[in-house]
Structures are given as structure tokens and as C-alpha cells.
Amino acid sequence: MQKNDDAVKKIARRETGKALILAAVFVLIICFAWMAYRWSTQRHEALPGEVILNGRMSFEKADEKLKDAGFKPMGVSRQYKNVTNQYYEGVDVCGYKTEYSYLSENQNPENRSLEIVHVFKDTKESNLDNPGEICKTVVEELTKIIGKEPEEGKDGYGTEKYLFWTLKASTEAVLLYMGDENLMLMYVYNK
């Protein structure tokens, strides 16, 4: 009888050990999956003029983050159809002071996003085919920091041609001209 009890206990310990090892492996797989997800979506360093936002955060929370980072509001936020904007005094971006900057929330269900937009006055009659001094500096700095050349986009953001860098966490840095000399640097956080 003693031998049977010992055999049963031995089998039970072996089964318990296997279950513990299986549970530990499962926990490790979950941890590695979570770390891989965080690594692929999390950005740790803000780009020039950027406050890292999350496209799913509220407009009010994003506005608070910008204020905490030193952005000074100009008046109250304005809403037009599906877009809400909060304007701020000019800030330093890549060694140039912007004319103004603004936070924009697009609430259109097809392309919901938060955007930080910086507006510069570049050299007269400058555009992406004939970039001005500010544009060249911004492209050079962002390319150096991001570690890759920008891609060229067409017929988006209300313009024929624009440059963009795809970043982690559904984020893009976009550079474009709106008319001659009005250079815009946008950080777009898609929801």
C-alpha cells in the first residue's frame, strides 16, 4: 500500500511540475508579446516641436499636455464642422520660431486624428520643388533624428505634394507648403 501511495505522490508531483512549467512558459510568452507590442508602438523621444500624443486621447488632455510643455494658448479653442483647433503662440522648432502653432482634432469617423501643426513663413515663392531655408533645415534635422529619408506623398492634406516620415504608434511627421512660403510641419496621431 505504501508503494502505491508513493507512486501516486510521485506522479502527482510530476504532473504539478509540468503544469507549473507550462504556466511559466505561458506567462513568458505573454510578457514577450506585450514587450514587442510596446516596442513597436511606443516612442520615447519627441521630435522638434513635438509633444508625443496618443490619437485616442481627448482634445482636452492633448491641450493640457501642450500647455504643460510650454505652449501658450491664443484665445479659446474653435470648432468648425468636425474639426476643433486650439491656436498657440509661435514656438522654436529646428532653430526657427513658428508664426503660430495649433492643435487640431479631426472628429470625422473615417480619419479621426489629433495633429500638432507648426506654421512657418519660409523664403518667398518657396515650395517643395524649390524649398526655402526653413524647409531644408527641417528636412535635414528630422531625417537625421528619425534615421530615414522622407517619402513623397501626393494629393493629401489639401495639397498636391508633401513629404512624410512614418513613425511608430500610427504617427506621421508631415511637411508641406500651403501656397507659396507658408510651410507647415504636422505631427499626425491617428486614432
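Of all residues in region 101-134, those satisfying the criterion of being part of a loop (DSSP other than H, G, I, E, B), open to solvent by 10 Å² or more (accessible area, probe 1.4 Å) and among the polar types (S, T, N, Q) are Gln107, Asn108, Asn111, Thr123. Sub-6 Å Cβ pairs linking a first residue in region 78-97 that is farther than 13 Å from Leu66 by Cβ to a second residue that is among the charged types (D, E, K, R) and open to solvent by 80 Å² or more (accessible area, probe 1.4 Å), at least 6 apart or interchain, are Gly90/Lys97; Gly90/Glu99, ordered by first then second residue. Within the option set Thr98, Thr137, being polar (S, T, N, Q), in contact with a Gly (Cβ under 8 Å, 6 or more places away or on another chain) and open to solvent by 20 Å² or more (accessible area, probe 1.4 Å) holds for one residue only, Thr137. Looking only at residues in region 16-55 that are closer than 30 Å to Tyr96 by Cα and charged (D, E, K, R), the one that is modelled with the lowest pLDDT is Arg43. Right, Thr159: within 30 Å of Asn82 (Cα to Cα), under 17 Å from the mean Cα position of the chain (by Cα) and modelled with pLDDT under 95 or not? Spelling it out, it is not the case that Thr159 is within 30 Å of Asn82 (Cα to Cα), under 17 Å from the mean Cα position of the chain (by Cα) and modelled with pLDDT under 95. Would you mind stating whether Asp180 is farther than 16 Å from Val93 by Cα, charged (D, E, K, R) and assigned to a loop (DSSP other than H, G, I, E, B)? Here the answer is yes, as Asp180 does meet what is asked. Taken together, Lys144, Lys154 contain a single residue that is charged (D, E, K, R), outside any strand (DSSP E or B), surrounded by fewer than 15 Cβ atoms within 10 Å (Cβ to Cβ) and without any contact (Cβ under 8 Å) to a residue 60 or more places away in the chain, which is Lys144.
The values are calculated or read from the model by the stated rules, or taken from the named source; none is laboratory data. As the structure is a prediction and not an experimental result, all values here were calculated from the model. Note that we place each Cβ from the backbone using ideal geometry, even for glycine, and neighbour counts take in every protein chain shown. Note: accessible area is taken over every heavy atom of the protein model, side chains too, but ligands, DNA and RNA are not part of it. Shrake-Rupley method; radii C 1.70, N 1.55, O 1.52, S 1.80 Å.
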